[in-house]
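Working notes, beginning with the structure itself.
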Amino acid sequence: MKEFDPYRTNLNEIELYLPNLNKDLQNILIGKIINRDITQKAKYLITNYIQKSSKIIKEKNHNIELEFYTELGNLLTEHHRQLSGNIGISTPKIEKMISIALENGAFGAKINGSGFGGCMFALASENKKEIMDNIAEVGGIGYSVKTSEGVGFY
């Protein structure tokens, strides 16, 4: 496909060409295109939220915050599903830790790092201790991390 652009080509545009690849490569390509689109959705979601955040904070609108974290968590989990299912980058231990995090109220979770490194993260606001304790039961080590405001002068 001469006009293939990894930044813009839609999944439906490559369907005709997929049979030219073996099944594993088909799945990897599909997973990477879907994850590219998920990443773009997440970027838009975060950018939109940041632009509205000062207004949200002033209004103390927790519904908008909850909607944001719920949607971001869903995108994280869907991104992981592509990494795990189509691309084949995960381990049984990571899958168990992700399941535990989601079962205990995390908004979303995914493998992190360069693959097979045994690292995942979960986006959660409630039940952090419970999530970390349950992850420890399957051999993981949980850390609670708080995001900063970014680079600043001190």
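To keep it simple, each residue is scored yes or no on (1) surrounded by 13 or more Cβ atoms within 10 Å (Cβ to Cβ); (2) small (Gly, Ala, Ser); (3) assigned by TED's automatic domain parsing to the domain that holds Ala124; (4) out of contact with any strand residue (DSSP E or B) (no Cβ under 6 Å at 6 or more places or on another chain).
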{"site": "Phe4", "(1), (2), (3), (4)": "no, no, no, yes"}
{"site": "Tyr7", "(1), (2), (3), (4)": "no, no, no, yes"}
{"site": "Glu13", "(1), (2), (3), (4)": "yes, no, no, yes"}
{"site": "Gly31", "(1), (2), (3), (4)": "yes, yes, no, yes"}
{"site": "Leu45", "(1), (2), (3), (4)": "yes, no, no, yes"}
{"site": "Gln51", "(1), (2), (3), (4)": "no, no, no, yes"}
{"site": "Leu76", "(1), (2), (3), (4)": "yes, no, no, no"}
{"site": "His79", "(1), (2), (3), (4)": "yes, no, no, no"}
{"site": "Gly105", "(1), (2), (3), (4)": "yes, yes, yes, yes"}
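Thr91 falls short of the stated requirement of being modelled with pLDDT of 95 or more and of a type in the set (S, T, N, Q). For residues in region 11-48 being part of a loop (DSSP other than H, G, I, E, B) and free of Cβ contacts under 8 Å to residues at least 12 places away in the same chain, which is nearest to Thr77 (Cα to Cα)? Selected residue: Glu15.
The values are calculated or read from the model by the stated rules, or taken from the named source; none is laboratory data. Bear in mind the structure is a predicted one, so any value in this text is a computation, not a measurement. Every residue, glycine as well, gets a Cβ built from its backbone with ideal geometry; the counts of neighbours run over all protein chains shown.
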